[in-house]
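Engineer: The structure's right below; bear with me while I get my questions together.
Computed from the coordinates by the stated procedures, all read-outs in this text should not be read as laboratory data. Keep in mind it's a predicted model, so treat the numbers as computed, not measured. Every residue, glycine among them, receives a Cβ derived from its backbone with ideal geometry; neighbour counts consider all protein chains shown.
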Amino acid sequence: MDLLVGTAAAAGAPDPAATATAQCLWAGMHGLITLRQDRPSFPWLPLDRLVGALVAAHLADTV
């Protein structure tokens with residue numbers, strides 16, 4: 001969690017927004033990974049592309 005908070009802060013999120021961003025990003029990642037495991041037949045895009053989109057979306061409002 002410290003890494004995620006630090007990343008959000010480095011992207012420009014002021015505290016406590018950095019903590020909220022980090023927690024939402026963590027929850028989103030958890031959901032993405034769980035869904036990929038539970039729904040392997042879904043036509044998922046490559047994982048690196050999905051992770052990149054998730055991170056970009058969560059950090060978009062911080063800059």
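Engineer: I'd like to compare 17-23, 28-34: which one has the highest average count of other Cβ atoms within 10 Å, and what's the full order after that?
Structural biologist: Those peptides, ordered most packed to least, come out 17-23, 28-34.
Engineer: State the extension gain, in nm to one decimal, for the chain segment bounded by residue 2 and residue 56, taking 0.36 nm per residue of separation less the distance between their alpha-carbons.
Structural biologist: That pair, residue 2 and residue 56, stretches by 17.6 nm at full extension.
Engineer: Also, I was wondering about something else. Mean Kyte-Doolittle hydropathy of -0.5 or higher plus an axial Cα length of 20 Å or more: which whole DSSP H helices in the chain meet both?
Structural biologist: On the way: long enough: 17-38 (31 Å, 0.33).
Within the chain the helices that satisfy the rule are 17-38.
Engineer: Right, another one. From Cα pairs below 8 angstrom and at least 6 apart in sequence, can you work out the relative contact order of the chain, rounded to a whole percent?
Structural biologist: Normalised by residue count, the contact order of the chain is 45 percent.
Engineer: Ok, one more. Normalise the Debye intensity by I(0) for the chain, one equal point scatterer per Cα, no solvent, then take log10 at q = 0.17, 0.25, 0.27 Å⁻¹ and round to two decimals.
Structural biologist: Log10 of I(q)/I(0), two decimals: -0.58, -0.98, -1.08.
Engineer: Out of 18, 55, 40, whose Cα points farthest toward the positive end of the dipole of the chain (charges: +1 Lys, Arg; -1 Asp, Glu; placed on Cβ)?
Structural biologist: Ranked along the dipole, the leading option is 40.
Engineer: Which net charge results for the neighbourhood of residue 45, defined as the other residues with beta-carbon distances under 14 angstrom from its beta-carbon, given Lys and Arg at +1 and Asp and Glu at -1? Don't skip to the end; give the middle numbers.
Structural biologist: Details: positive: 36, 39, 49; negative: 48.
Once all neighbours under 14 Å are counted, the net charge is +2.
Engineer: Next question. If you take the beta carbon distance between residue 11 and residue 35 as r and set R0 to 35 Å, what does 1/(1 + (r/R0)^6) give as a FRET efficiency, to the nearest 0.05?
Structural biologist: Plugging the Cβ-Cβ distance into 1/(1 + (r/R0)^6) gives 0.90.
Engineer: Full extension from residue 27 to residue 44: what is 0.36 nm times the residue separation minus their Cα-Cα distance, to one decimal in nm?
Structural biologist: Taking residue 27 through residue 44 to full extension adds about 4.2 nm, to one decimal.
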